[in-house]
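This report concerns only the one structure given below.
The values are calculated or read from the model by the stated rules, or taken from the named source; none is laboratory data. Everything quoted here is computed from the prediction, not taken from an experiment. Note: ideal-geometry Cβ built from the backbone for every residue, glycine included; neighbour counts use all protein chains shown.
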Amino acid sequence: MAFPSYYLAPISYYAQLAQSETVSIDLDEPYRKQTVRNRCYIASPNGPLALTIPVVKFVPYHTPMRDIRISDHGNWRHLHWNALVSSYRRTPFFEFYADEFAPFYEKKWEFLVDYNQALQDLVCKEIGLVANGKPLAVDHLPLPGQKPYYQLFSDRNGFMPDLSIVDLLFNLGPEALLYLIS
C-alpha cells in the first residue's frame, strides 16, 4: 500500500501502517499546503499545538512531494525541538527517546520526504513496527478508536485524540505498539 509522506504522522496513520503487508511512500503525490505532510499536532498545556515545517515558497499546485524543499526560514528546527521538550519532558518516556529525536532538529535536510521518511523509520523502529529492517505487518487489526491513553495534560484539556505518534510514544513507551494493535 502506498502511504503519503507525513511529518510525525498521527496515531491513526501508524495503525494503518501496522496493518499493511507492504509499505511504500507515494513520492509522486501532489504536495498540499496546510496538511500533515509538513505539519504535526502535539499536546501542549493549552491544547493541541501545530508544528509546521516551512517549505520553499512558490510551490505550484501539482508539485510532487519528492520535489518539496525544506526552508530554513524562521529557525523552525530549534522551535520544534523546544516545543517537544516543553510539552513532553515530564512524560514517562521522553528522556528514553530524546537522544534519538534530537539530531533531527540539529541537522539541515534538503527535501521534506527525506526528513519525513527518516523520522518515520525511527518511530517504526522505536515502536517495534520493524523487524530485521523490514516493516512488521500485523493482519486484521482494528484501527484505534479514540480510546484514551495516558496524556500529560489530560487534566486540563481532556483526552486529545489522534495527535502525532510522538505523543503516544513519549507517554506509553514500549506499550505504544500494544495501543496500536488493540
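Residue check: M65 meets all listed conditions (1) within 20 Å of D167 (Cβ to Cβ); (2) in contact with a Lys or Arg (Cβ under 8 Å, 6 or more places away or on another chain); (3) among the hydrophobic types (A, V, I, L, M, F, W, C) but one, namely (1).
Within the range 8-44, the set of residues being in contact with a Pro (Cβ under 9 Å, 6 or more places away or on another chain), more than 28 Å from N157 (Cβ to Cβ) and among the small types (G, A, S) comprises just one member, S20.
Could you look through the range 1-24, keep only residues that are assigned to a strand (DSSP E or B) and modelled with pLDDT under 85, and pick out the one that is farthest from L119 (Cα to Cα)?
Across the range 1-24, the extreme among qualifying residues is A2.
Just one of the listed residues (L180, L119) is at pLDDT 95 or above, among the aliphatic types (A, V, I, L, M) and either surrounded by 12 or more Cβ atoms within 10 Å (Cβ to Cβ) or over 17 Å from C40 (Cβ atoms) (or both), namely L119.
For the range 8-24, indicate whether the set of residues that are out of contact with any helix residue (DSSP H, G or I) (no Cβ under 9 Å at 6 or more places or on another chain), surrounded by fewer than 16 Cβ atoms within 10 Å (Cβ to Cβ) and closer than 18 Å to S71 by Cβ is non-empty. Within the range 8-24, none of the residues are out of contact with any helix residue (DSSP H, G or I) (no Cβ under 9 Å at 6 or more places or on another chain), surrounded by fewer than 16 Cβ atoms within 10 Å (Cβ to Cβ) and closer than 18 Å to S71 by Cβ.
Across the range 54-94, the number of residues qualifying as in contact with a Ser or Thr (Cβ under 8 Å, 6 or more places away or on another chain) and outside any helix (DSSP H, G or I) comes to 4. Residues in the range 145-174 that are under 16 Å from C124 (Cβ atoms) and at pLDDT below 95: P174 only.
Of all residues in the range 73-84, those that are touching a Pro at 6+ places or on another chain (Cβ under 7 Å) and surrounded by 13 or more Cβ atoms within 10 Å (Cβ to Cβ) total 1. Kindly check whether there is at least one residue in the range 39-51 that is farther than 27 Å from N171 by Cβ and without any contact (Cβ under 8 Å) to a residue 40 or more places away in the chain. There is no residue in the range 39-51 that is farther than 27 Å from N171 by Cβ and without any contact (Cβ under 8 Å) to a residue 40 or more places away in the chain.
Each row is one residue, and each column tells you yes or no for (1) buried (at least 17 other Cβ atoms within 10 Å of the Cβ); (2) out of contact with any Asp or Glu (no Cβ under 7 Å at 6 or more places or on another chain); (3) at negative phi.
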residue: D28; (1), (2), (3): no, yes, yes
residue: Q34; (1), (2), (3): no, yes, no
residue: G47; (1), (2), (3): no, yes, no
residue: I53; (1), (2), (3): yes, yes, yes
residue: S71; (1), (2), (3): no, yes, yes
residue: S86; (1), (2), (3): no, yes, yes
residue: R89; (1), (2), (3): no, yes, yes
residue: K108; (1), (2), (3): no, no, yes
residue: D114; (1), (2), (3): no, yes, yes
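Taking the numbered list (1) within 21 Å of V113 (Cβ to Cβ); (2) touching a residue at least 60 places away in the same chain (Cβ under 8 Å) in turn, I70 passes all entries but (2). Just one of the listed residues (N38, N46) is over 16 Å from the mean Cα position of the chain (by Cα), at pLDDT 90 or above and of a type in the set (S, T, N, Q), and it is N46. Per the listing D28, D72, the residue uniquely in contact with a strand residue (DSSP E or B) (Cβ under 9 Å, 6 or more places away or on another chain) and of a type in the set (D, E) is D28.
Of the residues examined, F94 is not one that is of a type in the set (A, V, I, L, M, F, W, C), under 30 Å from E21 (Cβ atoms), crowded, with 16+ Cβ neighbours inside 10 Å and modelled with pLDDT of 95 or more.
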